[in-house]
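A.B. asks: Structure provided below as structure tokens; questions to follow.
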Amino acid sequence: MDRIDFRSDTVSWPTPHMREAMAIANVGDDVYGEDVTVNQLEALGAEKVGKEAGLFVSSGTMGNLIAILAHTSRGDEAIVGHDSHTYRAEAGGMATLGSVMPKPLPTDQFGQMDLEMVETAVNPDNPHYANTKLILVENSYGMKQGYPIPPTYFANMRHIANKHQLNLHLDGARLFNAAVALNIPASDITKHVDTVTFCLSKGLSAPVGSILCGNQDFIHKARRIRKSLGGGMRQAGILAAAGIISLNQMIERLEDDHRRAKTLAEGLAQIPGIKVAPETVKTNMVFFEIEENTAVSPQELTEILKQKANIWIGSMYGNHFRAVTHYWIQDTDITNLLTLLSELLTQTK
Ligand SMILES: *Cc1c(COP(=O)(O)O)cnc(C)c1O
């Protein structure tokens, strides 16, 4: 990469191996179902999460939106975490395109909704109320430092969903980060949900794409919805070729990203003027805060890092920052960032 980019794992370029595979990929028209590389990726994706079928989509947002549209009808309600990606960062698609009413519930420090609150949130069958149809969950949980939520939570949600005949969809944009951190197969998590979306384009380093998985009937329906959203792609095998490498070769190495994130957090904790909780870092994200009255203002900091070392960090809001590790972040990049921050923040005003 041309810079050391900690802003997100989405910035990760395809690996050299991916570029080779893309160049020689076998392709066809995927809207006709004739792209063998896409078909192979969809089957592999479904297998990884223990579902019958998969659908290659352009983004995690599209996968989640298709799932919501397939699981609901106009005017239905979806229970969702108040700081989940689907609720806060997908441009309100469930409302604008699905006419679905979100019912946001608070989440705890790990990104979990309270089970009793979820159950209470399910509307009774009464003409006053919207028809509650869907529960949306997320893992790893982006707004909670990428916390990997263990399977029990999803088993509990399954129980509630069964009791009230609701569908359960998992936004697993970083599902494999969660699985690797928990040291379990992803299917231990996904076996509890009806459908799941996961991203190839984040820590798994593919340039584009996500996979939506579920049973055959669901994916049949999802395929039509994808077309209606303009998501029917043609020789998409060029992209799918990279995704196959993501699933075959890039999952286990996520451990390295997690180790580096932990090292970064522990190093940050040693620097005066930085607030961080290394014990909360379980996957590839480090959230930290620069205290007021440090030698360099939070605004100056991101600029100086860019100018001095071509290091980019994520500015969240005010003095809150995020650093995310991925394939293109090496041990030396962690050391360099720590050294620079230490120098900058300990110099006198
Ligand atoms: C990135 C992300 C998405 C959406 O993925 P895009 O491919 O960027 O649309 C959904 N959920 C979570 C938790 C994410 O981090």
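The values are calculated or read from the model by the stated rules, or taken from the named source; none is laboratory data. Worth saying up front: this structure is predicted, and the values here are computed from it rather than measured. Glycine gets a Cβ as well: all are built from the backbone with ideal geometry, and neighbour counts include every protein chain shown. Quick note on the areas: whole protein, heavy atoms, side chains included, nothing else; ligands and nucleic acids left out. Shrake-Rupley method; radii C 1.70, N 1.55, O 1.52, S 1.80 Å.
A.B. asks: Can you confirm whether region 161-175 contains a residue that is under 11 Å from the mean Cα position of the chain (by Cα) and surrounded by fewer than 22 Cβ atoms within 10 Å (Cβ to Cβ)?
C.D. replies: Our first condition is that a residue be under 11 Å from the mean Cα position of the chain (by Cα); within region 161-175, this holds for 170-175.
From what's left, surrounded by fewer than 22 Cβ atoms within 10 Å (Cβ to Cβ): none.
The answer is no; no qualifying residue exists.
A.B. asks: Here are some residues: Leu305, Leu340, Leu301, Leu345. Which one is over 30 Å from Gln249 (Cβ atoms), in contact with a Gly (Cβ under 8 Å, 6 or more places away or on another chain) and assigned to a helix (DSSP H, G or I)?
C.D. replies: Only one candidate qualifies: Leu345.
A.B. asks: Taking Arg88 and the conditions (1) more than 12 Å from the ligand (Cβ to nearest atom); (2) surrounded by 14 or more Cβ atoms within 10 Å (Cβ to Cβ), which numbered condition does it fall short on, given that it satisfies the others?
C.D. replies: Arg88 satisfies all of (1) more than 12 Å from the ligand (Cβ to nearest atom); (2) surrounded by 14 or more Cβ atoms within 10 Å (Cβ to Cβ) except (1).
A.B. asks: May I ask you to verify whether Ile290 is open to solvent by less than 10 Å² (accessible area, probe 1.4 Å), farther than 21 Å from Ser12 by Cβ and away from the ligand (no atom under 16 Å from the Cβ)?
C.D. replies: Criteria met by Ile290.
A.B. asks: A follow-up question, please. Residues that are open to solvent by less than 50 Å² (accessible area, probe 1.4 Å) and within 16 Å of the ligand (Cβ to nearest atom): does region 119-134 have at least one?
C.D. replies: Taking every residue of region 119-134 in turn, at least one turns out to be open to solvent by less than 50 Å² (accessible area, probe 1.4 Å) and within 16 Å of the ligand (Cβ to nearest atom).
A.B. asks: Within 23 Å of Val80 (Cα to Cα), modelled with pLDDT of 95 or more and touching a Phe, Trp or Tyr at 6+ places or on another chain (Cβ under 9 Å): does that describe Ser210?
C.D. replies: For Ser210, the condition - within 23 Å of Val80 (Cα to Cα), modelled with pLDDT of 95 or more and touching a Phe, Trp or Tyr at 6+ places or on another chain (Cβ under 9 Å) - is met.
A.B. asks: Hey, does region 32-55 have a residue that's touching a residue at least 12 places away in the same chain (Cβ under 8 Å), in contact with a strand residue (DSSP E or B) (Cβ under 8 Å, 6 or more places away or on another chain), within 15 Å of the ligand (Cβ to nearest atom) and closer than 24 Å to Ala241 by Cβ?
C.D. replies: Among the residues of region 32-55, at least one is touching a residue at least 12 places away in the same chain (Cβ under 8 Å), in contact with a strand residue (DSSP E or B) (Cβ under 8 Å, 6 or more places away or on another chain), within 15 Å of the ligand (Cβ to nearest atom) and closer than 24 Å to Ala241 by Cβ, which makes the answer yes.
A.B. asks: Can I ask one more? Which number in (1) open to solvent by 10 Å² or more (accessible area, probe 1.4 Å); (2) within 16 Å of the ligand (Cβ to nearest atom) marks the one condition that Phe154 misses?
C.D. replies: All conditions pass for Phe154, except number (1).
A.B. asks: May I pose another question? Scan (1) within 15 Å of the chain's Cα centre (by Cα); (2) crowded, with 18+ Cβ neighbours inside 10 Å for the single condition Ile66 breaks and write down its number.
C.D. replies: The failed condition is (1).
A.B. asks: I need the full set of residues from region 290-330 which are on the phi > 0 side of the Ramachandran plot and within 26 Å of the chain's Cα centre (by Cα), in order please.
C.D. replies: Asn310, Gly318 - these are the residues of region 290-330 that are on the phi > 0 side of the Ramachandran plot and within 26 Å of the chain's Cα centre (by Cα).
A.B. asks: Among the residues of region 99-114, write down those that are open to solvent by 10 Å² or more (accessible area, probe 1.4 Å), over 12 Å from Glu138 (Cα atoms) and either without any contact (Cβ under 8 Å) to a residue 24 or more places away in the chain or in a loop (DSSP other than H, G, I, E, B) (or both).
C.D. replies: Of everything in region 99-114, those that are open to solvent by 10 Å² or more (accessible area, probe 1.4 Å), over 12 Å from Glu138 (Cα atoms) and either without any contact (Cβ under 8 Å) to a residue 24 or more places away in the chain or in a loop (DSSP other than H, G, I, E, B) (or both) turn out to be Ser99, Pro106, Asp108, Gln109, Asp114.
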